[in-house]
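Q: Have a look at this one.
The values are calculated or read from the model by the stated rules, or taken from the named source; none is laboratory data. From a predicted model like this one, the values you see are computed outputs, not experimental measurements. Reconstructed Cβ throughout: ideal geometry from the backbone, glycine too, with neighbour counts over all protein chains shown. Please note that ligands, DNA and RNA were not included when accessible areas were found on the heavy atoms of the full protein model with its side chains. Shrake-Rupley method; radii C 1.70, N 1.55, O 1.52, S 1.80 Å.
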Amino acid sequence: MTTGVILRILACLALFGTGALVNGWRMSGQVAKCEAEQSQGQATRAEAARTDETQTAIKESKHAQETIYNADRLANLKTGIDVDVRAELARAERLHRDTDSRAATYRAQAQADEAARSDLADKAAALDRQLAEGLGVVASLGGDLKRRDAEVAALCDQVNIERRLSGDDSNQACSQK
């Protein structure tokens, strides 16, 4: 090998080494850029995670407040409902206890009504008997009146007959119908 070849080989090696060195620097720059981008991405993700955690904490706090409010409201509603139910149960119990008393009152009213109806029926029957008796009296008196009128008319006729017999036609005892 000659010195020229060796020098050329050395020059090539130097150029190759320089290129490798330059490429190494370039690679280091790209690695540094990648690392910077990666660090920036991690920082962005970390910030997003903190924002998400903050939002989650706010939501959890609001959820807890609303849950407590809702539980308190439900407890108040249940208390009001329980009070209403107890009042209705007490009313039902009072009504139940008074059932016998009301039943006795209803029976007494029914007996009083029955007695009143019986009394009214007795009075109606008495009035009916009196009406029948009154109609009998009216019929009897009407017959008596007709008999008397017939007797009076017959007596008047007899008086007139007697007067005619004695020849006195001028003075009639009863007018003719």
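Q: Just name one of 49, 161, 150: the one whose Cα is farthest towards the positive end of the charge dipole of the chain (beta-carbon charges, Lys/Arg +1, Asp/Glu -1).
A: Of the options given, the answer is 49.
Q: What is the extension gain from residue 135 to residue 86, computed as 0.36 nm multiplied by their sequence separation minus the C-alpha to C-alpha distance, in nm to one decimal?
A: Gain on extension, residue 135 to residue 86, equals 10.7 nm.
Q: Same structure, new question: Nearest 10 degrees, 0 to 90: what angle lies between the long axis of helix 3-97 and the longest principal axis of the chain (Cα atoms)?
A: Roughly 20 degrees between the two axes.
Q: Just the accessible area per residue of the range 24-108, please: how many Å² with a 1.4 Å probe?
A: Per residue, the range 24-108 has 88 Å² of solvent-accessible surface.
Q: At 1.4 Å probe size, what's the solvent-accessible area of residue 145? Round to the nearest 10 Å².
A: That residue has around 90 Å² of solvent-accessible surface.
Q: For the chain, which cysteines have no disulfide-compatible partner, meaning no other cysteine Cβ under 4.7 Å?
A: 12, 34
Q: Something else about it: Measure nothing fancy, just the Cα-based angle from helix 99-165's long axis to the longest principal axis of the chain, in degrees from 0 to 90, nearest 10.
A: Value to nearest ten degrees: 30.
Q: Also, I was wondering about something else. With Cα Rg over 2.2 N^0.38 Å defined as stated, name the option among (1) 1.11; (2) 3.09; (3) 4.39 computed from the structure displayed.
A: Comparing each candidate, only (3) matches the computed number.
Q: For residue 146, list the aspartates and glutamates whose Cα falls under 17 Å from its own Cα; do not include residues on the same chain fewer than 8 positions away.
A: Cross-link targets: 157.
Q: Next question. Specify the residue with the greatest mean-square fluctuation among 100, 144, 84, computed from a Gaussian network of the chain linking alpha-carbon atoms under 10 Å apart.
A: Largest GNM mean-square fluctuation: 144.
Q: Which of these, 167, 80, 136, has the largest mean-square fluctuation under a Gaussian network model of the chain (Cα springs below 10 Å)?
A: Comparing 167, 80, 136 in the GNM, the peak value goes to 167.
Q: Let me ask another. Gap in Å between the Cα centre of the range 32-65 and the Cα centre of the range 102-116?
A: Using only Cα atoms to place each centre, the spacing works out to 86 Å.
Q: Let me ask another. Based on Cβ point charges of +1 for Lys and Arg and -1 for Asp and Glu, what charge dipole magnitude is obtained for the chain about its Cα centre, in debye rounded to the nearest 20?
A: Around 1480 debye, computed over the chain.
Q: Shifting gears a bit: P(r) for the range 87-177, please, calculated from all Cα pair distances in 10 Å bins and given in %.
A: 13, 16, 13, 11, 10, 9, 8, 7, 6, 5, 2, 0
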